[in-house]
Amino acid sequence: MKLLFKYIKIIVPVVIILITAGAFASIPALREQFKKDAPVELPQEEIAGIDEQDKAIIEELSQVMHAMDTMTVLTIDGSVEGQDVADSTAGLQSAFSYTRQGNQAYYQFNRQEIISLTDAYIVIAHDVKKIFLSRPKEVMKPIRVPVKAEVDFLSHESYSVSRETVGRLTTISLNNPSHASCRAYSVSFDSLNIIRSSVMRMTNPQAMTDPSRDKILKVTISNWELGVVRKELLRKERYITFINGGIAPAARLSDYDLIND
């Protein structure tokens with residue numbers, strides 16, 4: 001099996017909402033659950049491609065993934081569930097909200113809020129009652145890989161491919177129990193090609209042949225509104241205020257520490 005960890009960068013709409021928000025790496029709880037240790041090296045081997053019918057399904061999946069590439073005004077609500085198969089106490093489950101208007105975005109996950117504005121970048125950690133204020137950062141865009149390159153790559157990863165429509169949802173699944181980095185991946189989407197849920201089962205890089213040490217990440221979208229933004233969440237005065245030439249937490253966060261980077 002080829003050990004190609006760029007796979008995680010190519011087929012990752014299981015966390016597409018987090019990536020779009022630019023928040024995945026900023027959320028310690030999620031990052032710690034799914035961080036990658038130094039991988040064990042496995043011998044590489046050539047892998048046969050798939051037939052044209054399966055390749056067409058993978059191309060459809062890629063097009064669904066890329067549907068978000070140009071979305072810059074939207075609001076999304078949902079939940080993220082992480083499971084460590086080897087440790088039932090290491091699970092993660094939380095609702096999230098995301099709203100974006102052009103180059104400004106708001107993201108809430110668990111007890112953290114991230115607000116990316118044109119003139120400030122604010123992170124609120126409610127668990128420790130701290131507000132981190134820094135210079136503005138660009139809202140991260142979805143990872144763009146050309147559809148053809150994506151299809152060609154996945155076509156040579158020995159996945160069994162399936163497509164099923166039940167009611168209003170279509171689910172495309174890729175499965176390979178011996179894959180070096182991702183054993184199973186599925187995306188469910190509606191007739192408008194809007195992703196409604198996604199699941200990815202990843203191997204432990206230190207035990208790639210042991211499925212009992214895998215990690216599973218599931219994202220479920222409960223609300224998706226294109227062209228809608230919650231403007232009140234993008235107001236800087238909701239989080240900080242200016243007093244006598246200085247900066248202080250907004251009244252509702254008055255007992256929080258403000259750390260100006």
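The values are calculated or read from the model by the stated rules, or taken from the named source; none is laboratory data. Keep in mind that what you see is a predicted model, and the values were worked out from it rather than measured. In this analysis, Cβ positions are derived from the backbone assuming ideal geometry, glycine residues included, and neighbour counts consider all displayed protein chains.
Filtered by the rule that a residue be outside any strand (DSSP E or B) and closer than 16 Å to Gln63 by Cβ, the stretch 151-180 gives Val151, Asp152, Phe153, Leu154, Ser155.
Would you check if Arg183 is over 20 Å from Asp69 (Cα atoms), assigned to a strand (DSSP E or B) and over 21 Å from the mean Cα position of the chain (by Cα)? Taking the combined requirement at face value, the residue does not satisfy it. Checked against (1) touching a residue at least 40 places away in the same chain (Cβ under 8 Å); (2) assigned to a loop (DSSP other than H, G, I, E, B), Thr75 meets all criteria but (2). Would it be correct to say that Ser198 is of a type in the set (Ser, Thr, Tyr), outside any loop (DSSP other than H, G, I, E, B), closer than 26 Å to Gly78 by Cα and out of contact with any His (no Cβ under 9 Å at 6 or more places or on another chain)? Criteria met by Ser198.
Give the residues of the stretch 186-231 that are of a type in the set (Lys, Arg) and within 15 Å of the chain's Cα centre (by Cα), sorted by residue number. Within the stretch 186-231, Arg196, Arg201, Lys215, Lys218 meet the criteria. Against the definition (modelled with pLDDT of 50 or more and over 22 Å from Lys218 (Cα atoms)), how does Thr89 come out, yes or no? In short, no. Could you tell me whether the stretch 102-123 includes any residue that is surrounded by fewer than 20 Cβ atoms within 10 Å (Cβ to Cβ), charged (D, E, K, R), assigned to a loop (DSSP other than H, G, I, E, B) and touching a strand residue (DSSP E or B) at 6+ places or on another chain (Cβ under 8 Å)? Yes.
Taking the numbered list (1) assigned to a helix (DSSP H, G or I); (2) more than 17 Å from the chain's Cα centre (by Cα); (3) crowded, with 18+ Cβ neighbours inside 10 Å in turn, Ser62 passes all entries but (2).
Residues of the stretch 78-93 that are in contact with an Asp or Glu (Cβ under 8 Å, 6 or more places away or on another chain) and outside any loop (DSSP other than H, G, I, E, B): Ala90, Leu92, Gln93. With a requirement of 2 or more residues that are in contact (Cβ under 8 Å) with a residue 40 or more places away in the chain and surrounded by 12 or more Cβ atoms within 10 Å (Cβ to Cβ), the strands (runs of 3 or more DSSP E) lying completely within the stretch 206-261 that satisfy it span 215-226, 246-249, 257-260. Could you tell me whether Val15 is modelled with pLDDT under 75 and more than 22 Å from Ser186 (Cβ to Cβ)? No. With the structure loaded, tell me whether Ser188 is at pLDDT 80 or above, assigned to a helix (DSSP H, G or I) and under 24 Å from Gln83 (Cα atoms) or whether it fails that test. No, not satisfied.
The single condition among (1) at pLDDT below 50; (2) buried (at least 19 other Cβ atoms within 10 Å of the Cβ) that Gln44 does not meet is (2).
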